[in-house]
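For reference, the structure is listed below as structure tokens.
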Amino acid sequence: MDNRPIGIFDSGLGGLTALKALRQLMPQEDFIYFGDTGRVPYGARSPQTLRRFAAEDVRFLQSHNVKMIVAACGTISSILSSEPPAGLAVPFSGVVKAAADAACRATRSGRIGVIGTSATIRSGSYARLIKQKLPQAQVVARACPLFVPLVENGYIDRDNPVTEMVARDYLRAFAEQKPDTLILGCTHYPLIAPLLGRIMGEGVTLIDPGRETAQSVKEYLLSHELQSDEKTSRTRYFVSADTEDFDEIAARFLGRPLECAVEHVDVDDLCR
């Protein structure tokens, strides 16, 4: 048994969908969530910059004595899919591998679509991992950079006309391939999954990276006897920008109000 918290980081708020799934599966665990909102977005950054940010985020979480770190960010996970972040001293999980494995299990036709940030799609990480398991798979990927600001500004209703217009334009990339499985390759995207599912049509399985990663983390902790035996759990939230609006937006992601005050981390401290 290990009662230390699990550390989770993301460029902003999308990783809260992974936190929600983790808390549902492991209600006895403590968590520390860090949203690097002072340096968001990550999706347009260079691989070198993203590796540096990841190392700094990991260092911050390790300063809180976590037992495992989850990069609940599709962009970071795609960049680190073949190489863990520098300075890592505890077990690490990204969201890419779990989602790619789930897509391989779900597909019937071998046609898989991937949507994500520009950096995620440029990395080719999903296609590479899928091809390792299903060499015959046909993978089509599309960058959807406008989804993150739309989600963070609350444009998440199933029938929101603005988000639907953008989504229809993006998802047109799959009209010819007609995938039966679509990976939501950014942890923001599950909040608009009902809208995306309606546009893609019946019979298309949507893969939520946060949910798949939560299951993978639970299995890892159990197999390595690292699970907590506490009766109650606690979550602490840290952000690197203004905390003022975080509560309201985070409640939208988690489906309930935050149980504690959000704490601020100075970006300059992360870089030291």
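Quick note: the coordinates plus some simple rules give every number you see, no bench work behind them. Everything numeric in this text was worked out from a predicted model, so none of it was measured. Note that we place each Cβ from the backbone using ideal geometry, even for glycine, and neighbour counts take in every protein chain shown.
Quick one: if you stick a label point 7 Å off each Cα along the C-beta vector at residue 248 and residue 105, how many nm between them?
Modelled inter-label distance: 3.9 nm.
Viscosity 1.567 mPa s, temperature 4 °C: Stokes-Einstein D of region 1-145 from its Kirkwood Cα radius, in µm² per second?
Rounded to a whole number, D works out at 82 µm²/s.
Excluding residues fewer than 8 places away in the same chain, name every one of the lysines whose C-alpha is closer than 28 Å to that of residue 67.
20, 97, 218, 231
Can you pull the one-decimal nm distance between simple spin-label points at residue 222 and residue 261, each 7 Å off the Cα toward Cβ?
Calculated label separation equals 3.9 nm.
Give, as a single signed number, the net charge of other residues whose beta carbon lies under 15 Å from the beta carbon of residue 222, with Lys and Arg counted +1 and Asp and Glu -1.
-3
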